[in-house]
Structures are given as structure tokens and as C-alpha cells.
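Asker: After the C-alpha cells below, expect a handful of questions from me.
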Amino acid sequence: MIKKEIAENKKTFIILFVYTILLLFFCSKMSPLYPFNEWSDINLYFNIGKSIANGKILYVDAFDHKGPLIFFIYGIGYLISNTSFLGMYIIEGIMWTFLVYAGYLTARLYLDKLYAFAIALIFPLFVLSHSSEGGSAEEFIIIFESISLLLFLSYFKGKNNSIHKPAYMLIHGIMCAATILIKINLIVFWAFPLLAVFISIFKNKEYRNLIQNIVAYITGLMVLILPVIIYFIYNNALSEAWDSYIVLNSSYAKLENISQIVENLVVRFYQRLRFETFEYLIILIGVFYFPIKYIKNTLGKIAIILSFIALHIVIFMSPNYVFYYSIPYYIFSLLGCIAIAGLISKYLKLQPKWYYFTLFFVFASLIGVKEKDFFGTSKAVLLREQKPDGLIFQFSDIIIKEKDPTLLNLSLDLGNGVFTKANIMPNVKYFISPNLPHSIYPEMRDEQTKYIENKQVQFIILSEFSFNFDYFHNLPALNDNYTIIDRYVEHETKTYYLYKRKD
């Protein structure tokens, strides 16, 4: 069905591609429309990717506790464009095109072309509502989910399923591996649907097909995981990778007791209903009404519901929740939209005329632009009629006057962007400070103290709201070896200090 749909509706897919690129052009700060993407997370990814592209070893020479694949992706973006996010905009555009295509093809399983086209335009708008400035790890994961969801529903659309294509299971394995290598806990999305597929094959006594699918899944996992393992083994860094990504994150995510988990889940469920009522109700329609109405296979119904519950628990049980963490469960908004469109189509019959496609295209684009509104107050900057201001530009203008400058950011947030803007090559392992308390990971602050004592970096950024501000602000070595040469106040409450080494 998928191959046939693509072959017969090439114009539709071209239009959806144009829509995706235009939507991101306005709604992602990776876009060349904007002077810079200030978001600390993506600047962290980009500069660790930069380090890897220049021969440094992940987790050994450049540290963060995220999964390795996100840094490799950003490393490719760096190779395309060294000092801007143009490369990442290209990658993001390609990835989001898969998201939109998967949304369309999923909708086509149940709806006519016009309504499926409308769903493909609307679905990414739900993702945009939590996407921040663009390029988060969670954005990549919902794309992997969308591809697997399409294949799961293709299999479970009928009441009785027996043979499952090993090629589809190979793709599931690749999608799972990509998720494991970015944010491992979100792998729960696949657990119940995959289990349902294997049980369904087993129940129908298709033992040969079961073995083929198991082999295909493992092969899919190894397509991505094996090269990453080889990379770390070759660089004698496998233990560092394990400690940084698996052990450290396990410690960081530890919860006090079951009551804390329950409290977090209850509070955040209420918050979703209270503050995100429209989106959340559509998601719940997708989780509970859609399987009952559209999935004939009982195992498939149960798998979709349990997948949402598991994902919901994993996302919201942590005390460290941030709003864009919820992007992966917005995959179920696609099912909610399909269910609603199915109801509407019973009473509103629309012919697939070109003007309907055009109207939907324009309307969805305007909603997306309004949703983000990144450029609403920055027309002069966007048109390059004036120089952008902000910490990143202010501090970078000072730093780039030096030959081969080095930098240490003792906080997170805006300071990360200076590495990108000033094209600074990190020269120490802990050149950026993830939000890890000293009690959880003392090595980072201890090593940064040594950098300061040994005057290993030329410039230092320290903010008043960082985890270790009091410690570093009162550190004798910082005041003996460095002097404050500039300040920046963000929103009249957050002060950043730029230190320079006394030579």
C-alpha cells in the first residue's frame, strides 16, 4: 500500500515537502531566516558534534550525558556549515519530511486523499507546540515513532494478521536503535506494539516468519548500534561511554520513592488537562477512541493504549521534567486527528479539488507561523537592517578579537551559543556545564576548578543562576587568574559575567 500510494501521488508528496521546508523556515530557529538559534541544548549538541568532527573523542575529550547519536547528527550538520545552523536546517528539513510523509500515509490507511492531506498538514503543528527553538533530541525521536507507527498500523489494520514483513521489522529495529542511542528511556513506545506483533505471529503458528522477524529486528538494531560500539572500542572509550550515558543517567534519574512518582504523574496529568486542554483531549481521543474504532486486531488495540501509558509514565514521572520532553507522546495526536477527521468526513463530503488543497496548505502554514511567532518583533533584525543584540553577539564580538581563543562556560543557557557564534574549538573536556549537581557528578566541577587554577582557558562565562555560581564566584583561583571584562543582564534578572585570563 505504501509503495503504491507514493507512486500514484507524487504531486501530493512534492507539495508536502514544500510545506515542510516552508514551515520550518518560519518555525525553527535553525532556519537561515533567523540571525541565530540561542537555545543552549542545540548549541551544546553542535559544539560536541564539532569536537567529534575535528578528531576529539566523545565522552573522553568532550562531555555530555546525552546519547551519542544526537552528537553524530550535529557533527554532520557542522560539516555542512561550520559556523551556522544551515546544515542542521537541511537535516531537520529532511527528517521532518519523513514525519509529514508518515503522517499522510498513516491517515491514508483510513481516510480519503483530501482529508489525509489535511491531517499531514495539521499533525506537525501539534509537534511545533512543544518544539522550542527547534532541533531537540525529542524531535528526532517522534520522527522515528511516526515511521514505526505507520508500519504497526499497516499490520494491525485487519482483524486477523499472520505474516509480518521482515523488511518492516528491520525498519523497527533501526528506529529503536536510533532512540536507544539518543534517549534510551523513550524506547518504551515500541515495547508493546512489537510484543503484539511477535505474539500475533506466534499465535498463527508462523514460526519461520517469527524467526525471520526476530533476526530482522536484531539486524536493524545492529545497523546503528554496532558502528557506534566500534567507534568507542577503536578509541578505547567504551567504558567512558557506558559510564556517561548509562550509569550517570541512571543516577541522575533516581527517584526517592513510589509516592513521588505517583505525585508527579497526577500533578502533570492535571496540568495537561488544565493548561493544554485542546491538544491533550485530541491525544486522548487518539489513544482510546482510535484503537476501538479503527484497529480490528485486539492485540493491536491493547498495544497502542499500553504504548501511550508507558510513554506517559516515563516522560512525566521524573522530577526533572521540561516542557519539550513531552514531544514524543504527541505522536498520538496524529491518531486523534484521524479519528476526528473520520467523523467529519461522514457529514462533510469534499471533492479533492485543487482549491481545497491550496486552502488547507495556506491555513496550516499560517497557524504554524503564528504558533511560533519567532520573528514578530524582530523584522529589522531578520532583514539584517540592524545588528542583533544579546549575550551571544556581545560576548562573541569581544572574544573573536583574540587569536585562537578558548572558552569555558560554567553554566548552561546562552553561554553555549558563544562557542558556535565565535567558532571556538573546545580545548577541555568539560567546556560546557550540563545541569548536573555536584552531588551527582563531582568530577565535572573538580576538573573545571583545575582548568581555572592552571589557566587552561582564556575566557570564562559564569551566570548567577548556575548550579555552582557561589562556588566559582568565590573561588580564589578565578579571582587571582581572571578578571571580569564584560557583563550581560538577561530579562533584568539573570546576570552573566565574562572573565578573561590575566596574561
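Asker: Give me the extension gain from residue 218 to residue 236: residue separation times 0.36 nm, minus the current Cα-Cα distance, reported in nm with one decimal. Could the numbers behind the result be given before it?
Answerer: Working: separation 18, 0.36 × 18 = 6.48 nm, distance 2.50 nm.
Additional length available on full extension: 4.0 nm.
Asker: Please compute one quarter of the surface area of the Cα convex hull for segment 1-137 and express it in square nanometres. Show your work: numbers first, answer last.
Answerer: Values: hull surface 36.7 nm².
The number I arrive at for segment 1-137 is 9.2 nm².
Asker: In cubic angstrom, how much convex hull volume per residue do the alpha carbon atoms of segment 288-362 span? Before the final figure, lay out each step's value.
Answerer: On the way: hull volume 8.6 nm³, N = 75.
Each residue corresponds to 115 Å³ of Cα convex hull volume.
Asker: Which FRET efficiency, nearest 0.05, do residue 17 and residue 502 yield, Cβ-Cβ r, R0 60 Å?
Answerer: On the way: r = 55 Å, r/R0 = 0.91.
Computed FRET efficiency for residue 17 and residue 502: 0.65.
Asker: Name the residues whose placed amide hydrogens come within less than 5 Å of the amide hydrogen of residue 407, ignoring near sequence neighbours (fewer than 5 apart) on the same chain.
Answerer: So residue 407 has HN proximity to 427, 458, 459.
Asker: Could you list 413, 404, 480 in order of exposure, starting from the residue whose Cβ has the fewest other Cβ atoms within 10 Å? Could you put the intermediate results ahead of the total?
Answerer: Working: 413 22, 404 8, 480 12.
With the fewest neighbours first, 413, 404, 480 line up as 404, 480, 413.
Asker: Scanning the chain for trypsin sites (Lys or Arg not before Pro) in DSSP loops with at most 14 other Cβ atoms within 10 Å, what's the longest stretch left with none?
Answerer: Values: sites that count: 159, 205, 254, 296, 349, 353, 384, 401, 403, 455, 502.
No qualifying site falls inside 1-158, the longest such stretch.
Asker: What number, in percent, do you get for the relative contact order of the chain if the mean sequence gap of Cα pairs under 8 Å and at least 6 apart is divided by its residue count? Please report the intermediate quantities before stating the final value.
Answerer: Details: 715 pairs, mean separation 97.0, N = 503.
After rounding, I find 19 percent.
Asker: May I ask you to list, by number, the DSSP H helices of the chain whose Cα span along the axis is at least 30 Å and whose average Kyte-Doolittle hydropathy reaches -0.5 or more?
Answerer: Values: long enough: 86-108 (33 Å, 1.04); 207-234 (38 Å, 1.53).
Helices passing the filter in the chain: 86-108, 207-234.
Asker: A follow-up question, please. Provide the convex hull volume over Cα atoms per residue for segment 391-501, in Å³. Intermediate results must be reported in sequence, preceding the final value.
Answerer: On the way: hull volume 10.2 nm³, N = 111.
Dividing the Cα hull volume of segment 391-501 by its residues yields 92 Å³.
Asker: Using helices alone, I'd like the mean residue ellipticity at 222 nm for the chain: each DSSP H run of four-plus residues gives -39500 (n - 2.57), total over residue count, nearest 500. Don't skip to the end; give the middle numbers.
Answerer: Working: 24 runs with 307 residues, N = 503.
Dividing the helical sum by the residues of the chain leaves -19500 deg cm²/dmol.
Asker: For segment 90-195, what's the relative contact order in percent, using C-alpha pairs closer than 8 Å and at least 6 residues apart? Provide the component values of the computation, followed by the final result.
Answerer: Details: 67 pairs, mean separation 28.7, N = 106.
Worked out over segment 90-195, it gives 27 percent.
Asker: I'd like the per residue volume of the convex hull spanned by the Cα atoms of segment 221-284, given in cubic angstrom. Write down the numbers at each step before the final one.
Answerer: Details: hull volume 9.7 nm³, N = 64.
Given the Cα convex hull of segment 221-284, per-residue volume reads 151 Å³.
Asker: Once the piece of chain linking residue 484 and residue 402 is laid out straight, how much longer is it, given 0.36 nm per residue of separation minus the C-alpha distance between them?
Answerer: Working it through step by step, the gained length comes to 27.9 nm.
Asker: Right, next: Listing 197, 262, 457, 223 from the residue with the fewest other Cβ atoms within 10 Å to the one with the most, what is the order?
Answerer: Values: 197 25, 262 11, 457 22, 223 15.
So the ranking, lowest neighbour count to highest, is 262, 223, 457, 197.
Asker: Give me the distance between the Cα centres of segment 1-40 and segment 190-246, rounded to whole Å.
Answerer: 30
Asker: Starting from the Cα of residue 371, step 7 Å along the direction of its Cβ; do the same at residue 2; then give the gap between the two resulting points in nm.
Answerer: 2.4
Asker: Among DSSP bridges having both ends in the chain, what percentage is antiparallel? Round to the nearest 5. Intermediate results must be reported in sequence, preceding the final value.
Answerer: Values: 13 of 17 bridges.
In the chain, DSSP labels about 75 percent of beta bridges as antiparallel.
Asker: Let me ask something else. If you average the alpha carbon positions of segment 432-484 and of segment 303-362, how far apart do those two centres end up, in angstrom?
Answerer: Distance between centres, Cα-based: 44 Å.
Asker: Also: Can I get the semi-axes of the chain's equivalent ellipsoid? Compute them from the C-alpha gyration tensor as square roots of 5 times the eigenvalues, in angstrom, largest first.
Answerer: Working: eigenvalues 355, 144, 86 Å².
Square roots of five times the eigenvalues give 42, 27, 21 Å.
Asker: Just tell me which lysines come within less than 25 Å, Cα to Cα, of residue 403; anything on the same chain fewer than 8 places away is out.
Answerer: 50, 56, 387, 421, 429, 450, 455, 500, 502
Coordinate-derived values only; no laboratory data. Everything numeric here is computed off the predicted structure, so don't read it as measured data. Note that we place each Cβ from the backbone using ideal geometry, even for glycine, and neighbour counts take in every protein chain shown.
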